[in-house]
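Q: So that we are looking at the same thing, I have put the structure below in structure tokens.
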Amino acid sequence: MLTYITTLGLILSQTGFATATQLGAQSHAESLNKQTINIPANAPKFVNDAPVIGVVSQYLNQAMRDDDRYNDYSTYMRKAYVNYLSASGARVIPILFNTTSDDRELAKIDKVQGVFFCGGAATRTVYEDFGKKVFEKVKTLNDKGKIVPIWGTCLGFENLAMFVSDTPDTLLENFDSRNDLYNLEFQVDPTSTKMFGSMGSQAYIYEQNPILFNYHIWGISPATFQNDKKLNDFYTVTSTSVDNGGKVFANTIEAKNYPFFGTQFHPEGPLNNNVDYAIDRSLFSIQNNRYFGDFFVNQCRLSNNDRFTWEEYVQLAVENYDLIVSADSSVTDIVFRRV
């Protein structure tokens, strides 16, 4: 009897929850269909329900280089990013940095439906040079009428700005925002943006609730976006946040004429098991962080770029590569040899 009552209670609570949060499944689906940018009049709303996203790998950080398990590898990506994208319906292939052939890796972009720049601690110069090649190739495809979105998180957010800036070497400044939860302060009406528009007035939950995980010591002030002509012409700063010292930094951006988006915060944070991270893992937080992955993958569904065959995808899929799990099981890295 107790088991029956408990089960019935779960069913009733889940039913009530779905009713409270759906706000009309059909209208929500219709709002997602409106997440478009420069879609040709004759193009279908959704082109591909199984988009392939190329995730750019990074240099090993110092802790990895000090760990003998990483000796045979040259680059990595944190598995949390792959989980985050896969949970929203994407398939993932790596775009490998630090290989013997940049051209081979850049050629993958001809058949992906989106590109993702992860957070991390990659060193500058060579990594940024490769990242800019990726960025410029995607930008060129969009200029030619292909729709290929880009997303950057944390370091990736900073990279997206640096790839455009007049002064990339002096763009970043220090912020006291390592391992903290912040809310957003919208700088424009969120309902007018591509990133938040489908949420309508619900977007203001990000102003009202500090659920967004920030883990960065570098960032970009909104004044820098305003004063750097190329940045100002290319991106809109849609929201800011305030660090622990009272300094304001840009926290979400979107390109004015391209399907390019970035967050300084980590929406994949709730998928990270690290117990030392100040992550809100409540259902409310998980659902509202998950929105950003759903949004980006939905953008990639709109891509009219060429596609891999299934056989080609299987050969390139991120699942082909090795994993290294931290000693406390809190972090899993996908690691890549130099080929």
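Q: Yes or no: the range 236-246 includes at least one residue that is more than 21 Å from SER177 (Cα to Cα) and either among the aromatic types (Phe, Trp, Tyr) or surrounded by fewer than 22 Cβ atoms within 10 Å (Cβ to Cβ) (or both).
A: yes
Q: Do we find that GLY152 is under 19 Å from VAL237 (Cβ atoms), modelled with pLDDT under 95, in contact with a strand residue (DSSP E or B) (Cβ under 9 Å, 6 or more places away or on another chain) and outside any helix (DSSP H, G or I) in this structure?
A: When the stated conditions are applied, GLY152 does not pass them.
Q: Scanning the range 180-209 for residues that are under 18 Å from the mean Cα position of the chain (by Cα) and polar (S, T, N, Q), which turns out surrounded by the most Cβ atoms within 10 Å (Cβ to Cβ)?
A: SER198
Q: Oh, and also: Pick from the range 79-104 the residues that are part of a helix (DSSP H, G or I) and not hydrophobic (A, V, I, L, M, F, W, C): which of them is nearest to GLY152 (Cα to Cα)? It would help to see each step written out before you state the result.
A: Of all residues in the range 79-104, those part of a helix (DSSP H, G or I) come to 79-87, 102-104.
Still in the running and not hydrophobic (A, V, I, L, M, F, W, C): 79, 81, 83-84, 86, 102-104.
Working: LYS79: 16, TYR81: 11, ASN83: 16, TYR84: 13, SER86: 16, ASP102: 20, ASP103: 22, ARG104: 22 Å.
That would be TYR81.
Q: For the range 48-78, how many residues are of a type in the set (Asp, Glu) and closer than 25 Å to ASP294 by Cβ?
A: Within the range 48-78, residues that are of a type in the set (Asp, Glu) and closer than 25 Å to ASP294 by Cβ number 1.
Q: Only one residue in PHE116, PHE157 is buried (at least 20 other Cβ atoms within 10 Å of the Cβ) and assigned to a strand (DSSP E or B), so which one is that? It would help to see each step written out before you state the result.
A: On the way: PHE157 fails: assigned to a strand (DSSP E or B).
Result of the check over PHE116, PHE157: PHE116.
Q: Is it the case that the range 121-140 has a residue that's of a type in the set (Val, Ile, Thr), assigned to a helix (DSSP H, G or I) and within 14 Å of the chain's Cα centre (by Cα)?
A: No: the range 121-140 contains no residue that is of a type in the set (Val, Ile, Thr), assigned to a helix (DSSP H, G or I) and within 14 Å of the chain's Cα centre (by Cα).
Residue-wise test of (1) within 23 Å of ARG281 (Cβ to Cβ); (2) modelled with pLDDT of 95 or more.
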residue: PRO168; (1), (2): no, no
residue: LEU172; (1), (2): no, no
residue: PHE186; (1), (2): no, yes
residue: GLU207; (1), (2): yes, yes
residue: GLY219; (1), (2): no, yes
residue: ASP233; (1), (2): no, yes
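Q: Considering PRO259, PRO210, PRO267, which residue is out of contact with any Pro (no Cβ under 8 Å at 6 or more places or on another chain), closer than 20 Å to VAL92 by Cβ and of a type outside the set (Ser, Thr, Tyr)?
A: PRO267
The values are calculated or read from the model by the stated rules, or taken from the named source; none is laboratory data. Since we're looking at a predicted model, the values are computed, not measured. Cβ atoms come from the backbone with ideal geometry, glycine included; neighbour counts cover every protein chain shown.
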